[in-house]
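Following: one structure in structure tokens, then a few remarks.
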Amino acid sequence: MFRVAIIGRPNVGKSSLFNRIIGKRKAIVEDIPGVTRDRIVATAEWKGMSFELVDTGGYVQEDQDRFAPYLLDQIRKELELSDLFVFVVDGKEGITEIDREIADLLRRTDKPVIVAVNKIDNPSQEDRAYEFYELGFEKVIPVSSIQRTGVAELLDEIVNHIPEYEAEARGEENKEEKGVIKVAIVGKPNAGKSSLLNAILGEERAVVSNIPGTTRDVVDTLFDWEGNRFLFLDTAGLRKKSRVDYGVEFFSVGRTLEALKKADVVVHVIDAKEGATEQDTKIAHLIQKYTKPAVIVINKIDAVPQKKEVLNRIKNQVREKLYFIPYAPVIFVSATQRKGIKQLLKEIIDVYNQAWKRVGTGQLNRAVKQILSLRHPPSFRGKPLKIYYGTQLEGKPPCFLLFVNYPEGFKESYIRFLENNLRQILGFEKAPIKLIFRARESRYQKEG
């Protein structure tokens with residue numbers, strides 16, 4: 001797909017413009033220089049033409065920011081990958097030395113560049129845009145991402161550069177979009193989520209450092225592997241509430257929860273050196289709360305002794321702590337050494353397929369009958385509890401509607417017993433299932 005990168009120094013309004021174009025608050029926008037550290041990718045559409053839009057971290061000089069080496073590396077990669085650049089500058093401040101540096105970089109690419117002079121919030125200020133022709137680019141467009149002015153003209157100019165064959169290719173691509181597996185990578189800060197994403201993709205797309213909380217945004221990344229298409233959401237680490245201040249991290253946590261809710265499969269990353277912590281149990285409770293299929297990844301195994309008893313002890317500790325999501329397979333990975341990546345992808349596919357699996361009503365009811373023969377439900381108000389029959393509802397995760405005589409009589413312990421046995425008998429070992437109990441219609445009750 002035609003790729004457009006938004007480039008510029010910090011705090012010129014790149015993320016605001018990105019959000020305005022894609023029509024939703026995806027990049028974190030705050031009046032703090034350097035808020036966006038990762039490349040954020042989204043699909044935008046204008047006049048029936050689709051293109052990939054990338055919001056990059058702000059260009060900074062190497063001695064200005066501890067993240068400078070990572071940010072510069074991300075921008076250099078985007079200079080190679082993108083087909084067109086929207087160079088965002090600040091119409092209020094005028095041309096700066098960093099703007100000139102960026103202009104030099106962009107000129108070397110020999111790719112089309114559109115200068116978007118942002119913060120021109122009033123038509124009377126449009127004259128300020130003329131100064132930016134000095135940067136040496138033919139197209140200079142005054143815009144205001146806040147007032148929405150000039151954005152349509154900018155988009156017109158972008159789609160004018162998209163080759164005709166791209167529109168045809170996009171039409172074919174849309175036919176395949178339904179099979180995309182949405183994967184949210186979650187975990188406490190510094191568990192190695194970004195390193196894991198990079199190991200899967202085979203490129204340094206998300207910023208990786210040993211500074212906790214480096215990733216603040218959700219980075220959507222499409223990835224194809226052995227005929228399967230994944231949409232990975234690499235999310236900011238979930239911190240304890242007491243450590244989250246209102247502002248950037250507040251939005252990051254909200255975005256992580258949003259990604260978790262939308263995901264088909266959740267990859268929960270745990271640091272092998274620490275094992276499952278209290279924060280990991282809280283994250284796993286969210287997975288349980290939203291009934292999400294999951295894969296538990298114990299990362300950084302290269303940092304622990306490679307002995308069977310050590311690995312078993314770590315795995316057992318994680319299993320004990322996260323006992324309430326017993327269906328989630330546990331695998332060992334070293335993101336830095338790219339070990340276990342293929343197994344992870346296979347597990348994601350397996351878990352996803354189980355979450356979409358459907359069983360016939362006859363098969364379900366035979367399974368229920370088999371479970372009842374193992375252990376009958378306890379009595380309720382002196383009367384035996386009965387399960388008359390069940391059926392699977394549409395959608396995912398697998399949800400079964402069971403018709404019973406007293407829905408309120410089924411307690412948590414017996415519901416867990418039913419769930420665990422249904423998973424085993426029906427082949428949902430790696431997927432969560434939901435049970436809904438409903439009183440059988442009155443006409444049946446009269447008969448029996």
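The values are calculated or read from the model by the stated rules, or taken from the named source; none is laboratory data. Just so we're clear, the structure is a prediction, and the values are computed from it rather than from any experiment. Heads up, the Cβs are rebuilt from the backbone with ideal geometry, glycines too, and the neighbour counts pull from every protein chain shown. Ligands, DNA and RNA are stripped out before the accessible areas are found, and what is left, the full protein with its side chains, is counted by its heavy atoms. Shrake-Rupley method; radii C 1.70, N 1.55, O 1.52, S 1.80 Å.
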I'd like to compare 368-375, 430-437: which one has the highest average count of other Cβ atoms within 10 Å, and what's the full order after that? 430-437, 368-375
Listed residues 278, 347, 138 arranged by accessible area, highest first, probe 1.4 Å: 138, 278, 347
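For region 340-448, what's the relative contact order in percent, using C-alpha pairs closer than 8 Å and at least 6 residues apart? Let's see the in-between values first.
Working: 137 pairs, mean separation 31.6, N = 109.
It comes to 29 percent, rounded to a whole number.
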Beyond 18 Å (Cα-Cα) in this structure, taken from 182/262; 342/396; 77/193; 289/342, we find 342/396; 77/193; 289/342
Please label the shape of region 295-351 as rounded, prolate or oblate, based on the square roots a ≥ b ≥ c of the eigenvalues of the alpha-carbon gyration tensor (a/c under 1.5 means rounded; beyond that, a/b larger than b/c means prolate, else oblate). oblate
I need the peptides 267-276, 121-130 ranked by packing, meaning the mean over residues of other C-beta atoms within 10 angstrom, with the highest value on top. 267-276, 121-130
Taking only Cα atoms of region 317-410, radius of gyration then Dmax in Å: 18.7, 61
Ranked order, 46, 225, 356 - accessible area, probe 1.4 Å, largest first: 356, 46, 225
For region 149-158, Karplus-derived ³J(HN,Hα) couplings (6.51, -1.76, 1.60; θ = phi - 60°; whole Hz; x for glycine and proline) come out as 7, x, 5, 5, 5, 4, 5, 4, 5, 4
Long-range amide H partners of residue 267, meaning residues 5 or more apart or on another chain whose placed amide H is closer than 5 Å, are 184, 185, 186, 295
Do any of 261/369; 292/386; 273/321 go past 25 Å between their Cα atoms, and which? 261/369; 292/386
Residues with amide H under 5 Å of residue 380's amide H, sequence separation 5 or more or different chain, H placed in the peptide plane at 1.01 Å from N; which? 385
